[in-house]
1. Write down, largest first, the equivalent ellipsoid semi-axes of segment 36-170 in whole Å, where each equals the square root of 5 times an eigenvalue of the alpha-carbon gyration tensor.
2. Once amide H atoms are placed 1.01 Å from N in the peptide plane, what residues at a sequence separation of 5 or more from Y102, or on another chain, have their amide H within under 5 Å of its amide H?
3. Which percent of the accessible area of the chain is formed by carbon and sulfur heavy atoms (probe 1.4 angstrom)?
4. Rg(Cα) of segment 99-170 divided by 2.2 N^0.38 Å?
5. Apply the Karplus parameterisation 6.51 cos²θ - 1.76 cosθ + 1.60, with θ equal to phi minus 60°, to every residue of segment 121-128 and state each ³J(HN,Hα) to the nearest whole Hz, in sequence, with x for glycine and proline.
6. How do H148, H40, H119 stack up against each other in accessible area, from largest to smallest, with a 1.4 angstrom probe?
7. What does the charge add up to near A116, with Lys and Arg as +1, Asp and Glu as -1, over the other residues with Cβ less than 14 Å from its Cβ?
8. Starting from the Cα of K71, step 7 Å along the direction of its Cβ; do the same at I21; then give the gap between the two resulting points in nm.
Amino acid sequence: MKAENIPFVNRTFKKAVPSKIIYGDLIQLAKQNYFDAIIHGCNCFNNMEKGIAKQIKDEFPEAYEADNKTKKGDKNKLGNYTFAKIPRYNNLIIINAYTQYYYGGPNDQIQVDYSAVRHIFELLNFDCGGLKFAYPRIGAGLAKGDWHVISNIINEEFYNQDHTLVEWRK
């Protein structure tokens with residue numbers, strides 16, 4: 001296709017602000033009040049049995065209860081979130097971000113939905129602005145997404161938020 005045949009699209013891009021990166025245990029840091037909210041990726045089948053979702057379910061059962069108040073397998077959850085406040089940890093907020101519809105499947109199958117990730121962070125930017133957010137590599141572990149793509153989405157949508165990637169280290 002010749003350049004003159006390519007339609008021009010005028011877009012105004014938000015200035016992407018990179019996340020801070022720290023190394024440690026996300027859950028322990030959150031319990032010590034380093035952050036106001038943890039965001040973690042979930043599937044739409046109320047299944048928190050692996051990865052950090054399992055750890056969150058075990059440590060903060062309120063987050064699992066919030067997930068279970070939704071309909072199992074509901075495609076409308078994709079790109080949205082539920083949350084739970086944890087009073088025993090200074091009202092820490094756990095955000096269940098529905099970044100993938102299903103879970104499991106073939107080892108090479110990408111489960112994360114990049115447009116869902118974008119929509120969730122856009123919503124959180126609007127709904128919860130001003131909090132100190134922390135998250136693991138959402139969608140890049142068990143969901144097999146490309147962290148470079150996901151981190152760019154997060155940085156674009158959280159352009160005006162205080163947000164931190166916590167890389168696992170014990």
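The values are calculated or read from the model by the stated rules, or taken from the named source; none is laboratory data. The structure presented is a predicted model; accordingly, all values stated were derived computationally and were not measured. Cβ atoms come from the backbone with ideal geometry, glycine included; neighbour counts cover every protein chain shown. Surface areas here come from the heavy atoms of the whole protein model, side chains and all, with no ligands, DNA or RNA. Shrake-Rupley method; radii C 1.70, N 1.55, O 1.52, S 1.80 Å.
1. The three semi-axes for segment 36-170 are 20, 18, 15 Å.
2. C44
3. 51
4. Dividing the Cα Rg of segment 99-170 by 2.2 N^0.38 Å gives 1.13.
5. Working through the residues one at a time gives 5, 5, 4, 5, 4, 7, 7, 10 Hz.
6. Per-residue accessible area, sorted high to low, gives H148, H119, H40.
7. Local charge sum for A116: -1.
8. Result: 4.1 nm between the two label points.
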